[in-house]
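First up is the structure itself, then whatever we jot down about it.
The values are calculated or read from the model by the stated rules, or taken from the named source; none is laboratory data. Given the structure is predicted, the values throughout are model-derived calculations rather than measurements. Cβ: placed from backbone, ideal geometry, glycine included. Neighbour counts: every protein chain shown. All accessible areas refer to the heavy atoms of the entire protein, side chains included, with ligands and DNA or RNA removed. Shrake-Rupley method; radii C 1.70, N 1.55, O 1.52, S 1.80 Å.
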Amino acid sequence: MDKKTLPYFFILSFIFLLFLLLEVNEYIFFTGVLSSIIILIFSLKRGERNFKYPINFSVKVVRLLFTFIFFSFFMGGISLILFHLSKSIFLTLQPLAISILLVFVSYFLISSLPTGIPIRIILFKRFLPQVFVLLFLLEVGLFYLGGVVIRLGLKSLPFFHYFFLLSGLLIFIFQYCYYRKNFVIRKLKKSTTSSVPLLVLGVDAADWRFLTPLLKRGKLKFFDKLVKDGFSMPLDTFGRRMSPIIWSTIATGVSEKKHGISGFINPTNPSGMELFKSHDIRQPPFWLMANEMGKRSAVLNWMMNYPAYIIDGFMVGRFDGFDDDNNFYPEDMKDEFKSLVEIEKKKCEEDKLEERWLCERDRDVEILKRALKISLEKMEEENIEILALYTNLTDDLMHKFYQFYESKRFSPEMWHFDRGDVDKYKNVIFETYQMVDSIFSEVIDLDKYNVILLSDHGSRPRNNPLYSFDIAKLIKDLEIEDVNILDNTIWNSHIDIGFKGGKKNGEKLVFIFETLKIFSKVELILDGDFTYIRLYHSFLTRFPSGKSVEFNGKKLSLDTYLKFVEMASGNHDPQGVFVVKGKGLRRGFLLPLLMDGPLSILINFPSLECRLGKLLPLFSGMRMVGLLNPITTLDVTPLINIVGGIPVSGEFENNFILNIFERGVDGDLLNPMNYFSEIYPVGMVETSAQDEIYKKRLRDLGYIE
């Protein structure tokens, strides 16, 4: 659904309203309103989702009102359809049809359960029969109770017709105004933003649930000024929530299949378990597009950007390896950063794991501060117009210390931590945000730059402990020959296995894993250049003590191949942060009209949006009329380009541009261009000493084995 097809959406909504008004009765009214109240109650219970943003009271009231009338209208219409279906089958099935509808609505009850309980297990294995029986009886009772109330006098008042008429009109007005204000861009003859240098600050895993409390307490000087003077919103993660994939999407404006970065480890690399390199990306990032338009750019520590490559400006591939020639372009940049070599080599050898993590954090904070200061000075000297910076500090500490931040969700026995340390470490995540803010506040003069600050995803607690599983060792110990496992990437629900030998070897591995009967499902993925096996599991979230496997007469205990992942209490939430501030740009905080309710909690819309690629316009339409968050990580690159004075690319996959502009935007920037920049690394390295350090960090976080 793009701007051309959007009017049809409103026409269909109007027809739906007429249908509802012609056929509505007191039962439909009662059902619609009751369903809306149920949904609203559980939306309010999810306060961390709906009220974690720094917004004023009036915005909260408007969203509450819209959510109520929208679901009353929508659920009333659905119940009317079921009402007619039941009449056509048999008159006595009317209460049953309405009750089935309300049972469907009551799926939302599941979302109010503690997040530490696996929803899938609750829904499909443990409580489903009991939930259905109890809710069915409850809702049939409510239906007949409504009938009694109606017969006592409500029936004589036809106000429910007016209720649905007013609801439909209000929904239309709200959504049309939301669309006009946020997605209709006035084209100007002159740009208002490109003359000011642009900073793109990538803060991994930044989340409003941590920012908002600190903002309210006045603890974040830089973020406070940025939010007050800028235009802010939640940012949905498009596709799989794995940082290399998302940051490559943000850089290029295209999804995983087009830019080619599928994770940390490159499954197509014939040499084995090697990280993706900068030259593996298939689409030019925005800083190379800037170069084509005659604008100089600088890039610092952007994920999957090693080795450094030739650009008009300068580049530091990673914030480690400051003595590595392949980490810099041009070569003399190495001299600029030589003072960081000693800081990088600082050893953190504290006996206590948490203290070692804090030592590493303090070292990385110092590196970030000095590197950014050097780069901004260089930016002014060399007239650099766009600088892109990435930091993973907030992500690392979120993964490592979430069990202390929300300690009541975590069992010390299951998560291997000392309850007595909670008071000492419970504020570590907040302190890390404050450290990052302090660096930005000290080094960056917000009045001199346009700034875009964003995260790839948000933060939330992990439901269950995570164990890594050494599949390569298992295959070796079972003495299975001619099978070469390259890597395994661990996800919450599955493991992705890279291997050598193409489809033939893949089919052999599928047979082996199916014979072992360890995994609930084994799937061979043949997706262009990417060939891997996906193993669906449940046991990696709880230690399977005593479980064994047998193959060709050899029996082994699985406990031998499992290792508890110490740094995995924090997980990735699909909602991150987006703030833009600059000359000619809007101010305020943009949220969808519809509150983040049970439906969006049970359904991960950004992930669904990615999987159902052909329906991307439909999801875009839902964003345009305020039913979902305004933008995803797939939609921010055009905004980066336009704020930086760079025409959008014809390769960008989004089909709308959010209106972040006060008066409008230079029309030439909206005309798609074809960019042909290629990446020429300063050195074609397969691996380096820093790669091994980086892979160790990934193993510690549970990403790879």
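Worth a mention:
- Interchain or long-range residues, amide H under 5 Å from R318's placed H: N301
- Hz values of 3J(HN,Hα) by residue in the range 171-188 - Karplus curve (6.51, -1.76, 1.60), Gly and Pro given as x: 4, 4, 5, 4, 5, 5, 5, 4, 5, 4, 6, 10, 9, 10, 10, 7, 8, 10
- For Y390, distant residues with modelled amide H under 5 Å away: G202, L300, W302
- Taken over the alpha carbons of the range 299-388 as equal point scatterers, the Debye sum produces base-10 log I(q)/I(0) values at 0.17, 0.18, 0.22, 0.23 Å⁻¹ of -0.71, -0.78, -1.07, -1.14.
- Environment charge at M242 (Cβ cut-off 12 Å; Lys +1, Arg +1, Asp -1, Glu -1): -3
- Sulfur and carbon atoms: percent of accessible area, the range 395-487 [1.4 Å]: 41 percent
- All other residues whose Cβ lies under 9 angstrom from that of T432 are scored, Lys and Arg at +1 and Asp and Glu at -1, for a net of -1.
- Around F661: net Lys/Arg minus Asp/Glu count, Cβ-Cβ under 11 Å: +3
- The range 286-386 - accessible surface per residue (Å², probe 1.4 Å): 42 Å²
- In order along the range 62-67, the phi-based Karplus estimate (6.51 cos²θ - 1.76 cosθ + 1.60, θ = phi - 60°) of 3J(HN,Hα) comes to 4, 5, 5, 4, 4, 4 Hz; Gly and Pro are listed as x.
- Which of P330, A371, Q283, positive extreme of dipole for the range 268-371 (C-beta unit charges): Q283
- Restraint check, K187/K583; K334/K378; K225/K581; K277/K345; K258/K295, Cα-Cα greater than 19 Å: K277/K345; K258/K295
- Surface share of carbon and sulfur [accessible, 1.4 angstrom probe, percent] for the range 196-251: 53 percent
- Nonlocal amide H pairs with L220, under 5 Å, H built at 1.01 Å: none
- Peptide packing: for 439-447, 362-370, the average count of neighbouring Cβ atoms within 10 Å per residue gives the ranking 362-370, 439-447, highest mean first.
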